[in-house]
Structure formats: C-alpha cells, structure tokens
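Here the structure comes first, spelled out in structure tokens, and everything after it is commentary.
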Amino acid sequence: PSILSTTTTGGRRTLVTPSGLEVVINGAPRSIPQANIDLATAANWDTAYAAWATAANRIGKDLYLYATLDRLIVSPNATVPTGYTADSSRKIIGFQCVPADIVGVAASHEAYGFLAGDIAYPSIWDLLFRPECAPEGMSWDPKVNLWVDIWLQSGTGTTTASVMGGTITDTREQYNHAKDFAAVGKRMLDIAEFEITASGSPEAVNIAGSADPVVTGATLATNGASQVSHRFCWQMTGVMYQWCRDTGYRNDDASYSGAWSWKSTGGAGQQYTQGAIGAVGLLAGGFWPDGSYCGSRCRRANDARSAASAISGSRGCARSRGA
C-alpha cells in the first residue's frame with residue numbers, strides 16, 4: 001500500500017508511492033519508480049483537473065492515482081484519466097480528501113492539524129488493501145478490522161452511498177437500512193464497533209445550531225470542535241441517531257405477564273412477541289438537540305426495529321477484501 005508522507009514540505013497532501021512497484025498495463029508489466037505525488041502540484045493532475053491543485057477544489061472528494069505509460073497521474077475520474085484509455089492506464093490507489101480544516105480537537109487526535117484538501121490517510125486503499133465493496137467514502141479502522149463509512153448513509157438500495165453533501169437517509173426502519181447496506185456489499189456497525197470507531201468525536205455535545213443538518217458535511221459541535229473521529233469519520237456523535245445491527249427486547253410489563261401479539265416487520269412477515277413493543281433495535285451517537293446525552297457511548301434502546309424516525313439514520317462498514 002501507499003503511505004501518507006507527513007514530513008514533506010507539502011505537509012499532509014503528498015502520496016509517497018513504494019519503491020519496486022510493479023503494475024500491469026494492457027497486459028504488460030511495468031516498473032514504476034518511487035515517487036512523491038504532491039496534490040498541490042498542477043502537473044501531477046489529469047489535465048482536465050489541474051485546478052484541483054488548489055485545495056478548495058478537492059475538499060471531500062474521492063480521488064484516484066493512475067499509473068500510465070508515461071507517468072503517475074491523479075484524477076477524480078473513477079474509470080480512466082482524461083486523455084487515456086483502459087489500455088493506457090491502470091488505477092492503483094484511491095483516497096478521500098479532508099473536507100474542512102480540523103479545528104478544536106486535542107493534539108493527540110489523529111486528525112489534528114489536517115487542513116481542507118489534505119489526504120485523509122485512513123481512507124487510502126490500493127489494489128490489494130481495500131474493502132470488499134466499492135471503496136469510495138470509507139476509512140480503515142484497524143481497531144475493529146473494518147472499513148467504515150466516512151459519512152452517514154444517503155440513498156437507498158443500490159444507490160446507498162457514503163458521500164459529502166448527500167441527503168441523509170432517515171425515517172427508515174432498521175430492517176431496511178440493513179437491506180440497503182447489503183445491496184452495496186456493506187453492513188451496519190454493531191454497538192462495540194460504533195463506540196470504537198466514533199472515538200475522537202466530540203463527547204457530551206451536539207451539532208452547532210442544534211438542528212437537523214439534512215445533508216452530510218464537515219460540521220462543528222457546540223464546543224467548536226470538528227465532528228470528526230480519529231479515523232476521519234464525520235458526524236458520528238451529536239448529529240443523528242444511527243441504527244446499529246444489535247437487537248434487544250422491550251416488554252413494558254413489570255410482571256412479565258403481558259399479552260402476546262403479532263407485530264409488523266414492515267411487510268415481510270410479523271413477529272409474535274410479548275408487550276407493546278417486543279423486539280427493538282439499538283441506536284447510537286445521539287441527535288442534534290441532545291447535548292450532554294450525545295457521545296460515542298450514547299445508546300437508545302426503546303425503538304421497535306420497525307420504527308422509522310426523522311432523528312435516526314445509519315452508517316455502513318465492510319471487511320477488507322479477502323478478510
């Protein structure tokens with residue numbers, strides 16, 4: 001895999017390719033010399049995107065490094081860079097750029113000092129080290145051995161995505177979030193995975209303005225800190241409750257002798273459970289007006305799995321390919 005250079009003059013905007021890199025382009029092996037690819041250098045870009053050497057033009061974007069017959073080139077094109085074909089280029093690396101200057105976090109935070117347009121280093125993937133699903137909008141967390149969506153879910157079914165500026169998918173049952181992620185090769189986090197991946201996010205505060213942000217973005221908390229985790233995942237706490245894949249049970253009858261009844265699962269059969277609610281899904285993170293209740297260990301355990309609320313969304317994850 002490529003690694004992020006933190007010692008170059010360009011700071012955290014440079015990809016350092018490994019020495020001895022061998023790639024196959026149009027059936028022929030080619031040796032690629034070690035190189036430092038500075039995103040601030042226009043000559044390193046696809047000619048149609050030379051202006052993206054300016055950081056403001058690449059914030060929150062997924063980018064790709066291509067090996068071509070004559071050089072290494074950065075492009076936002078997901079297939080081939082401008083002026084090349086599948087026979088004259090090979091995509092070898094991808095990553096996402098930081099969407100805004102990271103502010104208000106401790107010096108020990110993994111995103112401390114990163115600026116808009118820098119490389120979000122946990123998002124770097126290559127041909128061998130990558131998620132088993134499409135890699136865009138994901139970040140690697142070695143503590144849970146998973147790739148995790150940088151952004152809250154937008155879209156549904158096969159249009160499910162992790163993208164900056166996406167309309168957050170809410171008012172949706174836990175069941176259907178699970179189906180959405182399955183449609184794109186992902187799943188929901190479990191409660192323990194959520195807590196670990198959300199580490200570094202602002203704790204006991206909610207989003208500045210205490211209102212539904214509607215779309216994904218590089219938001220701030222009421223304490224002025226970027227709502228970003230150690231692994232560069234945004235809006236994990238204090239923004240939107242997030243369905244996890246864990247389930248529980250709610251009886252609401254102190255004597256445990258309440259009546260049993262059939263309850264809807266959203267049109268896919270019914271569940272025969274005791275009490276008014278029965279099976280519940282677990283939500284995490286807290287939502288926009290919850291203040292001190294919000295955080296990586298915030299949990300909500302009173303909603304039926306079939307509940308659909310404007311205050312809840314979800315976030316996907318996936319294993320590494322071959323894991």
(request) Assign one of three labels to the stretch 243-293, namely rounded, prolate or oblate, based on the Cα gyration tensor with a ≥ b ≥ c the square roots of its eigenvalues; rounded applies when a/c is under 1.5, prolate when it is not and a/b is larger than b/c, and oblate otherwise. (result) oblate
(request) Rank these residues by their accessible area, most exposed first, probe 1.4 Å: 41, 158, 219. (result) 158, 41, 219
(request) For residue 186, go through the lysines and keep the ones whose alpha-carbon is under 19 Å away, minus same-chain ones fewer than eight residues off. (result) 143
(request) First select every other residue whose beta carbon is under 10 angstrom from the beta carbon of residue 318; then total the charges, Lys and Arg +1, Asp and Glu -1. (result) +3
(request) Can you send over the carbon and sulfur percentage of the accessible area for the stretch 195-323, probe radius 1.4 Å, protein chains only? (result) 52
(request) Taking each pair of different alpha-carbon atoms in the stretch 179-323 once, compute 1/r for the pair, average those values, and report the inverse of that mean as the Kirkwood hydrodynamic radius in Å to one decimal. (result) 16.3
(message) Counting only helical runs of four or more DSSP H residues, what would the 222 nm mean residue ellipticity of the chain come to if each run contributes -39,500 (n - 2.57) and the total is spread over all its residues?
(response) -1500 deg cm²/dmol
(message) Using the Cα centre of the chain as the reference point, and only Cβ charges (+1 on K/R, -1 on D/E), how large is the resulting charge dipole? Debye, rounded to the nearest 20.
(response) 380
(message) Keeping every protein chain present and rolling a 1.4 Å probe, give me the accessible area per residue for the stretch 95-155 in Å².
(response) 33
(message) As a test of understanding, state the convex hull volume per residue of the chain from its alpha carbons, in Å³.
(response) 141
(request) Name the residue farthest towards the positive end of the dipole of the chain from the options 108, 52, 264, assuming +1 on Cβ of Lys and Arg, -1 on Cβ of Asp and Glu, about the Cα centre. (result) 264
(message) Cross-link candidates for residue 91: which lysines have Cα within less than 20 Å, leaving aside residues fewer than 8 places away along the same chain?
(response) 61
(request) Compute the Cα gyration tensor for the stretch 1-113, then decide on rounded, prolate or oblate, letting a ≥ b ≥ c be the square roots of its eigenvalues: rounded whenever a/c is under 1.5, prolate when a/b is larger than b/c in the other cases, and oblate in all that remain. (result) prolate
(message) For the stretch 198-313, what does the accessible surface come to per residue with a 1.4 Å probe? Please give it in Å².
(response) 42
(request) Quote the charge dipole size of the stretch 105-146 about the Cα centre in Debye, to the nearest 20; the model charges only the Cβ of Lys and Arg (+1) and of Asp and Glu (-1). (result) 80
(request) Kindly identify the stretch 41-82 as rounded, prolate or oblate by the Cα gyration tensor criterion: order the square roots of the eigenvalues as a ≥ b ≥ c, call it rounded if a/c is under 1.5, otherwise compare a/b with b/c, prolate if a/b is larger, else oblate. (result) oblate
(message) I'd like the distance between the alpha-carbon centres of the stretch 253-323 and the stretch 76-150, rounded to an integer number of Å.
(response) 31
(request) Express in nm, to one decimal, how much length is gained between residue 28 and residue 214 on full extension, taking 0.36 nm for each residue of separation and deducting their alpha carbon distance. (result) 62.2 nm
(message) With the crude spin-label approximation of a point 7 Å out along Cα→Cβ, what separation in nm comes out for residue 82 versus residue 262?
(response) 6.0
(message) Using the Cα centre of the stretch 111-195 as the reference point, and only Cβ charges (+1 on K/R, -1 on D/E), how large is the resulting charge dipole? Debye, rounded to the nearest 20.
(response) 140
(request) Within the set of other residues whose C-beta is less than 9 Å from the C-beta of residue 24, count the net charge using Lys and Arg as +1 and Asp and Glu as -1. (result) +1
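The values are calculated or read from the model by the stated rules, or taken from the named source; none is laboratory data. Quantities reported herein were computed from a predicted structural model and do not represent experimental measurements. All Cβ positions, glycine included, derive from the backbone under ideal geometry; neighbour counts span all protein chains shown. Each accessible area value is taken on the protein alone, full model and side chains, heavy atoms only, with ligands, DNA and RNA left out. Shrake-Rupley method; radii C 1.70, N 1.55, O 1.52, S 1.80 Å.
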